[in-house]
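The values are calculated or read from the model by the stated rules, or taken from the named source; none is laboratory data. Just so we're clear, the structure is a prediction, and the values are computed from it rather than from any experiment. Positions of Cβ are backbone-derived with ideal geometry, glycine not excepted, and every protein chain shown enters the neighbour counts.
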Amino acid sequence: MDKDRSSQAPPHVLVFPIPLQGHINSMIKLSELLALAGFRITFLNSDHNHERLVKLTDMATHFARYPGFEFKTITDGLPPDHPRTGNWFMENYVEVIEPKTKQNLREILLNISPPVDCIIGDGFLGFVLDVGKDLGIPVICFRTSSPHGFWVYHSIPDIIQAGELPIKGSEDMDRLITTVPGMETYLRCRDLPSFCRAPDMEDPIVKLVFKETRRSTQANALILNTTEELDGPILSQIRTKCRNIYALGPIHAQLNTRLKAKHRDPHDHFSNTLWKEDESCISWLDQQSNRSVIYVSFGSITTMSRDKLVEVWYGLVNSKAKFLLVVRPNFMTGEDSEGEDDVVRELLEKTKDRGYTVQWAPQEAVLNHPAVGGFLTHSGWNSTLESIVAGVPMICWPYFADQQVNSRAVSEVWKIGLDMKDVCDRKVVEKMVNKVMVDRKEEFAKSAAEMAKLINQSVNEGGSSCSNLDRLIEDIREMRL
Ligand code: UDX
């Protein structure tokens, strides 16, 4: 590739996320942080998501302020009318997504001008390493899921070899797993990634998860969306497999801090969401008293049966708190969109005086609203970090992937919430909501506020995440020279 350019030119980085909301969120924010440092960025989005973002957001205006910030698109290999919900990405990865995308990525990199100095690839897209190696471009992997999740995924072959997997039935779920270094005292079978519940460890998704995780440690370096203060012990374990780690998160907090330092309003951030944010919930929150509302949202991929949603809803209505509930379009399984609308309309009607329902919320603003005192969450890593930064205690009801271990860390390691894993019963929802919002309110509020203070310090000047971001910027500059 032609690298004969003026050394004055800024480094050109291609950023390539998996086409899922949780991955796009942190990778686009990292891209903006690098653009603030003067880098040229090409952000590679799937056609499908790009179209949605163009329709729903002010993307073009927002990024026009950064010279050299460009979007390019790539196919995800699936037909336009594919529902892309639930575990669609992993189910289609090997057969469709990898083969279609790999060739496309190669062509994009060969034709791009100026040439790319470094690729920041989603840590789940191991084939990016092959393409980078082939074209002589360094690749840094960004694992957007939690370090706890990463370390457990990496350890799966050892757990199997030790005979601690597969799980032998529901009575086996509370057994401690002893072969994940650093987690011996708190990791139970039920806290392993949901894929590990497969009866057979030859399951293709189990194999894919640990294969891609082990592969990402072969990259030039790993970026993780965390801080030393939050995940120090687990980061030390991961460093035994990959020496160069940039723990530079929480990325959304890092971006807000750097925008403020440039005298830019952090509220003027790009809202990269794939659904339209309903701002009316902020006006509703404005009318509620301090820390009286539990925010309830299950992220961008989770789906739920009508019965389960109704259980959650009864638990909320019977609790002593008010609630703000997000029911995303396509959230309910087994419903056509009309059926789904009916359920939501019915719930809305019945809950007018107790709560408020939207299809998609401006989550960061919601979590930072003084009326919000708790978060009933699926424990997606972005949601967990957003809650930690805002100092909001959590009730965790994990759905899949790293979420099972994230919820364990929230309750047992960081002690900033409760883990409701594997239960869906109105009585339990009511009890947990009352514990966090009423009975143990002060205790949880105090621990969440202390954690927020610590984590927010890490993105300020002199903090560990701030220094790690500066180191990443310098290291990429050196790749350019
Ligand atoms: C996925 C996985 O589920 C998660 O476990 C993994 O760690 C990352 O990728 P997702 O399920 O979408 O992500 O959850 P999460 O990581 O929490 O991301 C959801 C994002 O959507 C958050 O940044 C959140 O702020 C945003 N969101 C969610 C909204 O903006 N509005 C909403 O109403 C709900």
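Which of the numbered conditions does residue 280 fail, given that it passes all the others? Conditions: (1) within 16 Å of the ligand (Cβ to nearest atom); (2) closer than 25 Å to residue 222 by Cα.
Tallying (1) within 16 Å of the ligand (Cβ to nearest atom); (2) closer than 25 Å to residue 222 by Cα, residue 280 fails exactly one: (2).
I'd like to know if the range 17-38 contains one or more residues that are of a type in the set (Val, Ile, Thr), closer than 20 Å to residue 329 by Cα, in a loop (DSSP other than H, G, I, E, B) and within 14 Å of the ligand (Cβ to nearest atom).
Checked the range 17-38: no residue is of a type in the set (Val, Ile, Thr), closer than 20 Å to residue 329 by Cα, in a loop (DSSP other than H, G, I, E, B) and within 14 Å of the ligand (Cβ to nearest atom).
If we keep just the residues of the range 38-73 that are basic (Lys, Arg) and modelled with pLDDT under 95, which is surrounded by the most Cβ atoms within 10 Å (Cβ to Cβ)?
Only one residue tops the list, namely 52.
Can you name every residue in the range 174-222 that is β-branched (Val, Ile, Thr), surrounded by 16 or more Cβ atoms within 10 Å (Cβ to Cβ) and farther than 18 Å from residue 406 by Cβ?
Taking the range 174-222 first, the residues β-branched (Val, Ile, Thr) are 177-180, 185, 205-206, 209, 213, 217.
Subsequent filtering for residues that are surrounded by 16 or more Cβ atoms within 10 Å (Cβ to Cβ) retains 177, 179-180, 205-206, 209, 213, 217.
Residues satisfying the conditions are 179, 205, 206, 217.
Could you tell me whether the range 397-415 includes any residue that is acidic (Asp, Glu), within 16 Å of the ligand (Cβ to nearest atom), farther than 21 Å from residue 368 by Cα and crowded, with 17+ Cβ neighbours inside 10 Å?
First pass over the range 397-415, keeping only residues acidic (Asp, Glu): 402, 412.
Now drop any that are not within 16 Å of the ligand (Cβ to nearest atom), which leaves 402.
Now restrict to residues that are farther than 21 Å from residue 368 by Cα: 402.
Still in the list and also crowded, with 17+ Cβ neighbours inside 10 Å: 402.
The answer is yes, given that some residue of the range 397-415 is acidic (Asp, Glu), within 16 Å of the ligand (Cβ to nearest atom), farther than 21 Å from residue 368 by Cα and crowded, with 17+ Cβ neighbours inside 10 Å.
Condition first: within 12 Å of the ligand (Cβ to nearest atom), more than 21 Å from residue 431 (Cβ to Cβ) and not in a helix (DSSP H, G or I). Now tell me which residues in the range 343-392 satisfy that.
Of everything in the range 343-392, those that are within 12 Å of the ligand (Cβ to nearest atom), more than 21 Å from residue 431 (Cβ to Cβ) and not in a helix (DSSP H, G or I) turn out to be 357, 358, 359, 360, 361, 362, 368, 380.
For the range 284-310, how many residues are more than 19 Å from residue 330 (Cβ to Cβ), away from the ligand (no atom under 16 Å from the Cβ) and assigned to a helix (DSSP H, G or I)?
The total comes to 1.
Restricting the search to the range 111-144, which residues are of a type in the set (A, V, I, L, M, F, W, C) and either assigned to a loop (DSSP other than H, G, I, E, B) or without any contact (Cβ under 8 Å) to a residue 40 or more places away in the chain (or both)? Step through it out loud before you land on a result.
We begin by selecting, within the range 111-144, every residue of a type in the set (A, V, I, L, M, F, W, C); these are 112, 116, 118-120, 124-125, 127-129, 131, 135, 137, 139-142.
Those that are of a type in the set (A, V, I, L, M, F, W, C) and either assigned to a loop (DSSP other than H, G, I, E, B) or without any contact (Cβ under 8 Å) to a residue 40 or more places away in the chain (or both): 112, 116, 124, 125, 127, 131, 137.
Mind checking which residues of the range 122-144 are within 16 Å of the ligand (Cβ to nearest atom) and either closer than 20 Å to residue 399 by Cα or more than 26 Å from the chain's Cα centre (by Cα) (or both)?
Of everything in the range 122-144, those that are within 16 Å of the ligand (Cβ to nearest atom) and either closer than 20 Å to residue 399 by Cα or more than 26 Å from the chain's Cα centre (by Cα) (or both) turn out to be 124, 143, 144.
All but one of (1) free of Cβ contacts under 8 Å to residues at least 60 places away in the same chain; (2) in a loop (DSSP other than H, G, I, E, B) hold for residue 272; state the number of the condition that does not hold.
Residue 272 satisfies all of (1) free of Cβ contacts under 8 Å to residues at least 60 places away in the same chain; (2) in a loop (DSSP other than H, G, I, E, B) except (1).
Take the residues in the range 145-179 that are within 18 Å of the chain's Cα centre (by Cα) and assigned to a loop (DSSP other than H, G, I, E, B); name whichever of them is farthest from residue 226 (Cα to Cα).
If we take residues in the range 145-179 being within 18 Å of the chain's Cα centre (by Cα) and assigned to a loop (DSSP other than H, G, I, E, B), then 145 is farthest from residue 226 (Cα to Cα).
Taking the residues in the range 74-125 that are of a type in the set (Gly, Ala, Ser) and surrounded by fewer than 22 Cβ atoms within 10 Å (Cβ to Cβ) as candidates, determine which candidate is farthest from residue 45 (Cα to Cα).
The qualifying residue farthest from residue 45 (Cα to Cα) is 86.
Among the numbered criteria (1) in contact (Cβ under 8 Å) with a residue 60 or more places away in the chain; (2) within 16 Å of the ligand (Cβ to nearest atom), which one does residue 97 miss?
(1)
Give the range 280-298 a look and list any residue that's within 27 Å of the chain's Cα centre (by Cα) and either surrounded by fewer than 23 Cβ atoms within 10 Å (Cβ to Cβ) or among the hydrophobic types (A, V, I, L, M, F, W, C) (or both), or say none.
280, 281, 282, 283, 284, 285, 291, 292, 293, 294, 296, 298 - these are the residues of the range 280-298 that are within 27 Å of the chain's Cα centre (by Cα) and either surrounded by fewer than 23 Cβ atoms within 10 Å (Cβ to Cβ) or among the hydrophobic types (A, V, I, L, M, F, W, C) (or both).
Yes or no: the range 182-197 includes at least one residue that is in a helix (DSSP H, G or I), away from the ligand (no atom under 16 Å from the Cβ) and over 25 Å from residue 420 (Cβ atoms).
Scanning the range 182-197, I find no residue that is in a helix (DSSP H, G or I), away from the ligand (no atom under 16 Å from the Cβ) and over 25 Å from residue 420 (Cβ atoms), so the answer is no.
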